[in-house]
2 protein chains.
Amino acid sequence: MGITERKEREKQELKQHILDAAMALFMEQGYEKTSIRNIAERIEYSPGTIYLYFKDKADIFLELHTMAFEVLFKHLAVTKEIKDPMERLRSLSQMYLKFAIDNPDLYDLMFILREPMEALDHHCGWEEGFKNYDLLRDTVLEAMEKGMIKKEDPDVISLAAWSLVHGLASLWIRKRFKMLPEEAVKPLVFKAADEICSRLKEGI
Amino acid sequence: MGITERKEREKQELKQHILDAAMALFMEQGYEKTSIRNIAERIEYSPGTIYLYFKDKADIFLELHTMAFEVLFKHLAVTKEIKDPMERLRSLSQMYLKFAIDNPDLYDLMFILREPMEALDHHCGWEEGFKNYDLLRDTVLEAMEKGMIKKEDPDVISLAAWSLVHGLASLWIRKRFKMLPEEAVKPLVFKAADEICSRLKEGI
DNA sequence: TTGACAAACTGAACACCGTTCAGTAAATTT
DNA sequence: AAATTTACTGAACGGTGTTCAGTTTGTCAA
């Protein structure tokens, strides 16, 4: 039995080793350079070995996607300390934007790249997306219950809030704010999110 | 001189032929299948020929990007007929979303893919983005001047409005709304944009 | 202890990719 | 008609994801 346990442990360790190498490559050199051959070279195995541990490259990126969501959730979870739901909403949106701008590769992995979702189609749900969405949705619901946001289907407002910050983040990451002066864009991005939070409150 | 003019005309015609083939491939089979070899096969030339007309693949995608923006602009320009700026804003956002959802590949080309912007970095500006952004910004400015939207830097509100609909569109296209029931998502997307437009008005 | 079998791994093959370029054919110029 | 220029070819180069026949190592049963 010891042999079986040791082999299973070694298998999990090598799997995690592969993922750590993939993440390191991705963070250092971006998506293009995170190839199966480069990952294999980094862990000093042959490219074929990787297919003993993962179905395909999309499978690897789904795991990286999940790892990235854990980082994001930890980052955002500190907002749970904030009692005022409107203040928490504002803080959530500002921290979300800061995370996206500071970690464009991780953000890409979670919310823009197709590959993780291609692999996900073979699984049941998207727990990672759920957790982070619920953080937002619970805040919106509480603000409505306290009369701080005019009542409406919470999914409508939550989707709008998430889409606003996702839109700001992804247009920034994909360099689609070129029509504005470069040095003005970043503060504008944060201010836009802030201003809409303010107006959400005033619309009682 | 006739020879020179004919040769120049033939050059432009082949260039457009290449672009039409690329666009057809892209619309039919997506980005992955729109390779230089596949484009070459479609126009019945060698892959090397394409490099006599375009610097590289990113250059081709920049042209496709521009072609896509012309389609979008035509689509949105009909809103100029609407006199009420708030009604125009609402219409702009709904039509933008409908366009994105009906044409996910064209949308990808304009607002998500990196490649066109990589080629663009060698050029001066992004006229395409400007034209469409100005349509929105002019509408927001007029609504402010008429007291329909509370006064603020128009770029703040314009960025927020654009980011909201871009966020809705791109999260939908990249399948990041999996935490919601599939049949509920589409109406929710349109409703979220509509609801925020309404609330922008109420925040006088 | 040994042979049989299973597991783990290798690395080249396959079909694909973007880009370059030496060689060729056709068109143009002198 | 010969020289030169232009347009094009298609293989080479270095890369990609994935598969698999062959090899090595580890485990198990006799």
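The values are calculated or read from the model by the stated rules, or taken from the named source; none is laboratory data. Just so we're clear, the structure is a prediction, and the values are computed from it rather than from any experiment. Note that we place each Cβ from the backbone using ideal geometry, even for glycine, and neighbour counts take in every protein chain shown. Areas reflect the complete protein model, heavy atoms only, side chains present, ligands, DNA and RNA absent. Shrake-Rupley method; radii C 1.70, N 1.55, O 1.52, S 1.80 Å.
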Where the label is 7 Å out from Cα toward Cβ, how close does B:Lys15 come to the same position in every other copy, in nm, shortest first? 5.4
Report the normalised scattering of the range B:78-119 as log10 I(q)/I(0) at q = 0.34 Å⁻¹, calculated by the Debye formula with identical scatterers on the alpha carbons. -1.04
Let's see if you can work this out: charge +1 on each Lys and Arg Cβ, -1 on each Asp and Glu Cβ, no other charges. What is the dipole magnitude of the range B:56-202 about its Cα centre, in debye to the nearest 20? 700 debye
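How would B:Thr49, B:Thr139 line up by accessible area, probe 1.4 Å, largest first?
On the way: B:Thr49 30, B:Thr139 0 Å².
In descending accessible area the options line up as B:Thr49, B:Thr139.
Can I get the semi-axes of the range B:131-204's equivalent ellipsoid? Compute them from the C-alpha gyration tensor as square roots of 5 times the eigenvalues, in angstrom, largest first. Can you show the working numbers first?
On the way: eigenvalues 145, 39, 14 Å².
Semi-axes from the Cα gyration tensor: 27, 14, 8 Å.
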What relative contact order, as a whole-number percentage, does the range B:1-54 give when Cα pairs under 8 Å and 6 or more residues apart are counted? 28 percent
Could you tell me the largest-minus-smallest coordinate of the C-alpha atoms of the range A:56-202 on each of the three principal axes, in descending order and whole angstroms? 49, 40, 25
Could you give the dipole magnitude of the range B:1-54 about its Cα centre, charging the beta-carbon of Lys and Arg +1 and that of Asp and Glu -1, in debye to the nearest 20? 140 debye
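If you average 1/r over every pair of different alpha-carbon atoms in the range A:1-139 and take one over that average, what Kirkwood value in Å do you get?
Details: mean 1/r = 0.0600 Å⁻¹.
After inverting the mean inverse Cα-Cα distance, the result is 16.7 Å.
Where the only charges are on Cβ atoms (+1 Lys, Arg; -1 Asp, Glu), what is the dipole of the range A:1-93 about its Cα centre, to the nearest 20 debye? Please list the in-between numbers first.
Working: 15 positive and 16 negative charges, 32 e Å.
For the range A:1-93, the charge dipole is close to 160 debye.
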Taking each label point as 7 Å beyond Cα in the direction of the beta carbon, state the distances from B:Glu182 to the same residue in the other copies, shortest first, in nm. 4.4
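How much length, in nm to one decimal, is gained on full extension between A:Glu44 and A:Lys175, taken as 0.36 nm per residue of separation minus their Cα-Cα distance?
Details: separation 131, 0.36 × 131 = 47.16 nm, distance 3.61 nm.
Roughly 43.5 nm would be gained on extension.
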May I ask which residue of A:Thr49, A:Leu159, B:Met179 lies farthest towards the positive end of the charge dipole of the protein assembly as shown, with charges of +1 (Lys, Arg) and -1 (Asp, Glu) on Cβ and the Cα centre as origin? A:Leu159
Which whole number of Å³ per residue matches the convex hull of the alpha-carbon atoms in the range A:1-54? 68 Å³
At a 1.4 Å probe, what is the % contribution of carbon and sulfur to the accessible area of the protein assembly as shown? 53 percent
How far is A:Lys74 from itself in the other copies, in nm, if each label sits 7 Å out from Cα along the Cα-Cβ line, shortest first? 5.2
Cα centroid separation, the range A:1-43 to the range B:7-66 (Å): 38 Å
Size of the B/A contact, given as accessible area buried on both chains, probe 1.4 Å, in Å²: 4500 Å²
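If you roll a 1.4 Å probe over the heavy atoms of the protein chains, what accessible area per residue do you get for the range B:56-202, in Å²?
Numbers: 5860 Å² over 147 residues.
Here the per-residue accessible area is 40 Å².
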Please report, in whole Å³, the volume per residue of the convex hull around the C-alpha atoms of the protein assembly as shown. 175 Å³
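Within chain A, which whole H helices from DSSP have a Cα span along their axis of at least 20 Å and a mean Kyte-Doolittle hydropathy of 0.0 or more, if any?
Numbers: long enough: A:2-29 (40 Å, -0.86); A:57-77 (30 Å, 0.68); A:85-102 (25 Å, -0.20); A:127-145 (26 Å, -0.69); A:154-173 (28 Å, 1.26); A:182-202 (31 Å, -0.23).
Sorted by number, the helices that extend far enough and score high enough are A:57-77, A:154-173.
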Nearest-to-axis residue of chain B, judged by beta-carbon position, where the axis maps B onto A, in Å: B:Gly167, 2
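What is the calculated FRET efficiency for A:Lys83 to A:Gln16, with r their C-beta to C-beta distance and R₀ = 30 Å, to the nearest 0.05?
Numbers: r = 38 Å, r/R0 = 1.28.
For R0 = 30 Å, the calculated efficiency reads 0.20.
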Could you check the spin-label model distance between A:Gln29 and B:Met95? Points 7 Å from the Cα along Cα→Cβ, value in nm. 4.7 nm
